[in-house]
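The values are calculated or read from the model by the stated rules, or taken from the named source; none is laboratory data. Because the structure is a prediction, the values reported are computed rather than measured. All Cβ positions, even for glycine, are placed from backbone atoms using ideal geometry, and neighbour counts span all protein chains on display.
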């Protein structure tokens, strides 16, 4: 008898009663010669003569036919497995009369088979029938045996229902004749078979070998493939030439696959295999099939923040970066433009065969509107658009779908000091502007609002020539001078030294904001946007005018400046 290592299975705690004490007694009785058995324990061979709705009549060679309950001829699904003429074995019922049991006869025969096979350690045939507490019941010729869950497989599946109905060989690892319990193991036989297969496989295994295998289980990083007693690691990157998000997308446990042995460490018994290596490498002639500039179609298979991966063919994917998705829209993430599964047309922008990368463009399948924008909007073009967005440095005006122009804050007004466009406008406002500059290469259009009207400073030299007397309003004061508003947006500066002939310590002490003040223009520089004014010069101009008037009244030949001064002194002395 084969030596078997007993497993630590407490059959008493499992509380699995497979037969009554009656059958244990029958088992002991079956060891005796048939002639010593009482007639009620005898196994009779008979022929089915009639099948009724509730019973089956069997001719066992006695005066009357035996009656067997029809339920004993139905399987677990309730299917009837008997017909007239069948040869069966039955056993007389303890109830006496002509009642027999096929089930008891099958059980007795099974117990005898187990005993004849060697008892514990014997190998028996059976079918996994049902799940039970802690394992399964196995039908071994009419006797229910217990198969612990840990003994059903080398790596038991989490789905116990998958084992129901499987037939095969089992090893008896425990018998209890008194209680009629039998404990089986399927695992020990599988391990023995696996060990033998592993030995054969290890002797034949070589790197580069193409062989068949079966997917055992899946992990996040790959799968394990049974090569015949030896597990080979199939990494996710070696499943396909294309992108594989997770092994479960392409593989399932139990699937047969063709693999190539990539690495084999005979000493450690470690094997690495690949599926894609059994297929032609699609990247080998890629440059011929997808030259730069060619227009192709593909399917979006993955979306990232920075772009979309498009499958051109099995194993070949390219990246469409977000910057290559639209000529006019500012695409922040690929999902704003595309969905997984979309069929798209793209243009090959670049190939990196060494790193297996393809750059694709989506916007290149249509004309670039920026190439002709200078023709559509030449410098000086006046247009009207809606304010799309505002920033500290300016505001963007919609020119056409997807194309905006920037009005810099310095180009809003000739005269006003504007800190933020929001001080004058709101988002969504319609405004008029003029095109100042077009830069198709950098996709920029510069607009101006103030350029719609003449620069008021361009008229300053004519309006405010040196010597011109004017009256303005004090706009602000500083220690070094006074700023006077001459007209809206135009100010002139009266330096502190030009406020009076007498020394003025600070302009702030001389006038107040809002005061009206009269001055004369000293100089005007429209380029630098500066006008210099003087109050002191106004006094000098008045004196000059008075002198010229005096000269006119006295006669130019007899009058001079001395006479004028003498006249003023006489007036001052009362003469």
Original post:
Hey, does the stretch 452-466 have a residue that's at pLDDT below 90 and touching a helix residue (DSSP H, G or I) at 6+ places or on another chain (Cβ under 8 Å)?
Top reply: no
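For the stretch 219-233, check the following and say yes or no: at least one residue is in contact (Cβ under 8 Å) with a residue 60 or more places away in the chain and closer than 28 Å to residue 170 by Cβ. If you could, list the steps in order and put the result at the bottom.
First, the residues of the stretch 219-233 that are in contact (Cβ under 8 Å) with a residue 60 or more places away in the chain: none.
No, because not a single residue in the stretch 219-233 is in contact (Cβ under 8 Å) with a residue 60 or more places away in the chain and closer than 28 Å to residue 170 by Cβ.
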**OP:** Filter the stretch 232-242 down to residues that are in contact with a strand residue (DSSP E or B) (Cβ under 6 Å, 6 or more places away or on another chain), surrounded by 19 or more Cβ atoms within 10 Å (Cβ to Cβ) and closer than 24 Å to residue 204 by Cα and give me whichever is modelled with the lowest pLDDT.
**Re:** 232
**OP:** Restrict the check to the stretch 99-107 and report whether at least one residue is assigned by TED's automatic domain parsing to the domain that holds residue 49 and exposed (fewer than 15 other Cβ atoms within 10 Å of the Cβ).
**Re:** no
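Kindly indicate which of 518, 502, 528, 548 is modelled with pLDDT of 90 or more and exposed (fewer than 14 other Cβ atoms within 10 Å of the Cβ).
Values: 502 fails: modelled with pLDDT of 90 or more; 528 fails: modelled with pLDDT of 90 or more; 548 fails: modelled with pLDDT of 90 or more.
Among 518, 502, 528, 548, only 518 is modelled with pLDDT of 90 or more and exposed (fewer than 14 other Cβ atoms within 10 Å of the Cβ).
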Original post:
Quick check: is even one residue across the stretch 197-219 outside the structural domain of residue 109 (by TED's automatic domain parsing), in a loop (DSSP other than H, G, I, E, B), touching a helix residue (DSSP H, G or I) at 6+ places or on another chain (Cβ under 8 Å) and surrounded by 14 or more Cβ atoms within 10 Å (Cβ to Cβ)?
Top reply: yes
Original post:
Can you tell me which of 338, 362 is surrounded by 18 or more Cβ atoms within 10 Å (Cβ to Cβ), within 21 Å of the chain's Cα centre (by Cα) and more than 14 Å from residue 302 (Cβ to Cβ)?
Top reply: 362
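For every residue, the table says whether it meets (1) in contact (Cβ under 8 Å) with a residue 60 or more places away in the chain; (2) within 41 Å of the chain's Cα centre (by Cα); (3) in a loop (DSSP other than H, G, I, E, B); (4) in the same structural domain as residue 432 (by TED's automatic domain parsing).
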residue	(1), (2), (3), (4)
373	yes, yes, no, yes
380	no, no, yes, yes
384	no, no, no, yes
387	no, yes, no, yes
399	no, yes, no, yes
406	no, yes, no, yes
413	yes, no, yes, yes
417	no, no, yes, yes
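Can you pull out the residues in the stretch 144-173 that are closer than 16 Å to residue 114 by Cα, crowded, with 19+ Cβ neighbours inside 10 Å and touching a helix residue (DSSP H, G or I) at 6+ places or on another chain (Cβ under 8 Å)?
Initial filter on the stretch 144-173 (closer than 16 Å to residue 114 by Cα): 144-147, 168-173.
If we keep only those that are crowded, with 19+ Cβ neighbours inside 10 Å too, we end up with 144-147, 170-173.
Listed by number, the residues that qualify are 146, 170, 171, 172, 173.
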